[in-house]
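The structure appears right after this line, and notes come after that.
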Amino acid sequence: MINLILIFPLIACLILFIFKKKFLNNLLIIMYSVIHFIVSLALCCNIDFLPMVKPFKFFAVDDTNKVFLMVMSIVFLAVAVYNTGYLKAEKSLTKKLRHYTYMFLFFVFSMTGAILSSNLGIAWVFIEGTTLASAYLIYFHKTKHSIEAAWKYVFICSIGIALAFVGIILLTLATGEINTLFYNDLYANAAMFNHFWLKLSFVFILFGIGTKMGLAPVHFWLPDAHSEAPSPISALLSATLLNSAFLMILNVFRLMVMAECDAYARIMLMTMGFLSLFVTAVFVYHINNYKRMLAYSSIENMGILALGTALGGIGTMAAIIHMIGHSLIKASFFLTSGNILERFGTKKIKAVTGLLKTDRLSGWLWVISFLGIAAFPPSVLFISEFLTVKTLFIKKYYILCILFLLLLTIVLYGLAKAVIKMVFSAPKEDCSLSISQAKFDWTMYTPQIIMLTAAFIIGIYMPLGTIKLLIDAVRGF
């Protein structure tokens, strides 16, 4: 089954290259998303409907990456459905749309490979693959700002990937005579590793892969890339790419725990976590671009993931729950921003007024997405942030707890100010702003409704099977 979701996008690209039919763009993306979802669900439920086919030895499913794979699959399916309506309004040439589909499929393929990799080196290769694929997608509209964002993304992430590669080399020095990068082998022999080289390697890997995750101070590509990419791609960048990088950091952090170097690693993760929250609190208050605002919100939430991981125990559970909630809600937020952009033709917050009267459904989706990302009950993010605060109290980090709540409040105020202004203010009669009256396809609303509903339902009731999946995922941290 792992082979199926890794090979299908390559076959799909070949089919599109041979036949070059316009209808194949949406069809192949939808087919891949459905196959991806079915296989991911089967893997999470330990069902193998292709038992006679052995997976490649470099890929495997474990208790931790199951959760990441399932979250990615749900978001990918939602984005694929939204993409069918989004591309109807896209007036690009058939050749340009075909290139978009190639890169879209290769982007998801790379993230899937990074999540399923059982080898640190192979995971690094796939993380680099996500950079190559998504760079074109960020540049898709070919404007001055999009090319600048794409170049910044490639430049900064390439440096990050190079740092991570140096970290992997240093890790091989730490392993001594154990010549392997398979996670299971590394974990089994962690007690014998050289602590100096292991700590040094973690610095490089954290900063390198932290670049892809969007952790401050190596986050500079993220606001530009998320704001300039097409909305379906922005949703994937925020809700799945950042998670793929987080999983790689999580796997290396597990190695630090098993080698008893975790105190050092926790300090670094906590520092970058609080720095990410601080950066968002500073910039989100004065921002004038709503897609850029959502990008900074992603930096904040990645900081919360780093902080939860650093705390360990319940904190790690909170981080995984937060990852799930953030992916569902932020994907919905970015997809709805695509509706607003199509409707108003601008990304400026001050130019969007009376959203409820202009597009009532998009207006309410915008408000509910804000309530979800702001962790208002019953949003699942309320549970994760509550558990994070609880863990800070248990560990007697009282000053850090106050700082955490203060930074969250500042970010909340910045988001609320923009959302309320866009949704509830009176529409402006501005002749320079032509508001589209086109009726959007149902595919541009339904994915957000489903994801938001799921994020609020699991905030109220989490099935026992899901709880067991989460407990298994955090075992060892």
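The values are calculated or read from the model by the stated rules, or taken from the named source; none is laboratory data. Computed from a predicted structure; not experimentally measured. Cβ coordinates were reconstructed from backbone atoms using ideal geometry, including for glycine residues, and neighbour counts include every protein chain displayed. Each accessible area value is taken on the protein alone, full model and side chains, heavy atoms only, with ligands, DNA and RNA left out. Shrake-Rupley method; radii C 1.70, N 1.55, O 1.52, S 1.80 Å.
When region 85-119 is filtered for residues that are within 13 Å of Pro230 (Cβ to Cβ), at pLDDT 90 or above and open to solvent by less than 40 Å² (accessible area, probe 1.4 Å), the ones remaining, listed by number, are Tyr100, Thr101, Phe104, Phe107. The one condition from (1) at pLDDT 95 or above; (2) part of a loop (DSSP other than H, G, I, E, B); (3) not basic (Lys, Arg) that Thr346 does not meet is (1). Taking region 91-139 as the range and being touching a strand residue (DSSP E or B) at 6+ places or on another chain (Cβ under 8 Å) and not in a helix (DSSP H, G or I) as the test, the residues that pass are Ser117, Ser118, Asn119.
Applying the criterion of being aromatic (Phe, Trp, Tyr) and open to solvent by 60 Å² or more (accessible area, probe 1.4 Å) to the residues of region 17-63, the residue that is modelled with the highest pLDDT is Phe37. Taken residue by residue, region 416-433 has at least one member that is surrounded by 13 or more Cβ atoms within 10 Å (Cβ to Cβ), of a type in the set (S, T, N, Q) and not in a helix (DSSP H, G or I). Is it the case that region 450-457 has a residue that's within 30 Å of Asn65 (Cβ to Cβ), of a type in the set (S, T, N, Q), modelled with pLDDT of 95 or more and open to solvent by 40 Å² or more (accessible area, probe 1.4 Å)? Yes, there is a match, as at least one residue in region 450-457 is within 30 Å of Asn65 (Cβ to Cβ), of a type in the set (S, T, N, Q), modelled with pLDDT of 95 or more and open to solvent by 40 Å² or more (accessible area, probe 1.4 Å).
List the residue pairs whose Cβ atoms are under 6 Å apart, where the first residue sits in region 57-86 and is farther than 24 Å from Leu250 by Cβ and of a type outside the set (A, V, I, L, M, F, W, C), the second is part of a loop (DSSP other than H, G, I, E, B) and open to solvent by 10 Å² or more (accessible area, probe 1.4 Å), and the two are 6 or more positions apart or on different chains. Between residues of region 57-86 that are farther than 24 Å from Leu250 by Cβ and of a type outside the set (A, V, I, L, M, F, W, C) and residues that are part of a loop (DSSP other than H, G, I, E, B) and open to solvent by 10 Å² or more (accessible area, probe 1.4 Å), the close pairs are Gly85/Asp441.
So which of Ala191, Ala164 is under 17 Å from Phe253 (Cβ atoms) and surrounded by fewer than 15 Cβ atoms within 10 Å (Cβ to Cβ)?
Ala191
Might you check whether a residue that is touching a strand residue (DSSP E or B) at 6+ places or on another chain (Cβ under 8 Å), of a type in the set (S, T, N, Q) and within 30 Å of Lys421 (Cα to Cα) occurs anywhere in region 240-248? No: zero hits. A single entry from Ser362, Ser327, Ser332, Ser337 fulfils the requirement of being in a helix (DSSP H, G or I), open to solvent by less than 10 Å² (accessible area, probe 1.4 Å) and under 22 Å from Ala216 (Cα atoms): Ser327.
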